[in-house]
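To start, the structure under review is shown below, and the notes come after it.
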Amino acid sequence: MKEKGKVILAIESSCDDTSAAVIKDGFLMSNVTASQAVHEQYGGVVPELASRAHQQNIVPVVDAALKRAGVEREELSAIAFTRGPGLMGSLLVGVSFAKGLAASLGIPMIDVNHLQGHVMAHFIKEVKDEGLRMKDDGKRDASSTLSLHTSPEFPFLCLLVSGGNSQIIKVNSYNDMEIIGQTIDDAAGEAIDKAAKVMGLGYPGGPIIDRLARQGNPEAYKFSKPHIPGYDYSFSGLKTSFLYNLRDWLKEDPDFISRHKEDLAASFERAVVDTLMQKLRLAARDLRIRQVAVAGGVSANTGLRNAFLEHARKYHWKVFIPKFGYTTDNAAMIAQAGYFKFLDGDFCPMEAPAYSRVTL
Ligand code: KG4
């Protein structure tokens, strides 16, 4: 029989990206993602449509990941998959596919917590390519290489910011993470997406706000900032303050948005970034930790990335910023987390169900 290396196929399908990746002996061989443009016209992810698109995408995406890695199915040692949290219908597609493939090949399965996966993106070692986005290609920038070849040392802090989460995580080891602060209402990405929606900018709003903000004045408008104790966040007050201010300005000038959208985007983005960094500074100071990483979809934001670089200079932090391709949902991070669990012999039983809500 052919000798098997440690080759793991990873599958991610928690929301609206179908992604598959192959990791071999700790090195990422491929990472293929199919995004779902179908949701744009609805201004948000429609769960039923997401599940259906995952069904259509999963086979070609897995095939492409194996092909790009130059790996045959028979060479696989295990299948890692996102077990949760996420949309149940979306998760079920990936989980069921992983189970079917693992059973047919007679190999073990590794369940990965999606949130831990985002943090583990900082440990990805690339060998071949930076990934393939089958629809909207993730852009790259020079600063994104900062973190790639040096991974953070434990313990470090990770700001996890996405459409569903805003958390400060103390990462003690690969499998020991504590949430020390989190949003009590909206996530940062959700607030940004909603601000974009009320301005009629389209979905997802994050990248649009980012682009406009680069041309605007972040000091143009002030919105009420939250006062929440400890390391927790709140973004719903900020969102409401934006909405009410906008309503008043529109009463005086119906063209207010089109005339000031850059300043509005820059000021709102500044308020979100300032809020995120303020609590992160507090946590870093109290815990005396200077290695600070950022992860999740909002970590693609230019303003947030610049704030990290500024904090590195000002507070002597060592910062870790992921490549654009590893900010939004991707299977490479699931492969990395799965690889660590594989080394620990930490497998999951065939009957393990998907879970829509779970903490770290
Ligand atoms: O991690 P992610 O892909 O999905 C989950 O929410 O799990 O994050 C998506 C979020 C959305 O709210 C999107 O608008 C935001 O990340 N996002 C951004 C940027 N790119 C994506 N927010 C601000 N600036 C960006 N450049």
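The values are calculated or read from the model by the stated rules, or taken from the named source; none is laboratory data. Predicted model only: the values in this text are computed from it and were never measured. Cβ: placed from backbone, ideal geometry, glycine included. Neighbour counts: every protein chain shown. Surface accessibility is based on the protein's heavy atoms, side chains included, excluding ligands, DNA and RNA. Shrake-Rupley method; radii C 1.70, N 1.55, O 1.52, S 1.80 Å.
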Within the set of pairs 6 or more residues apart or between chains, which connect a residue that is near the ligand (Cβ under 8 Å from one of its atoms) inside the range 294-319 to a residue that is open to solvent by 30 Å² or more (accessible area, probe 1.4 Å) and hydrophobic (A, V, I, L, M, F, W, C) with Cβ atoms less than 6 Å apart?
300/324
Taking the range 202-226 and keeping residues within 16 Å of the ligand (Cβ to nearest atom), modelled with pLDDT of 95 or more and of a type outside the set (Gly, Ala, Ser) leaves 207, 208, 209, 210, 211, 212, 214, 215, 218
Within the range 65-72, does at least one residue satisfy the condition of being surrounded by fewer than 17 Cβ atoms within 10 Å (Cβ to Cβ), more than 23 Å from the chain's Cα centre (by Cα) and not small (Gly, Ala, Ser)?
yes
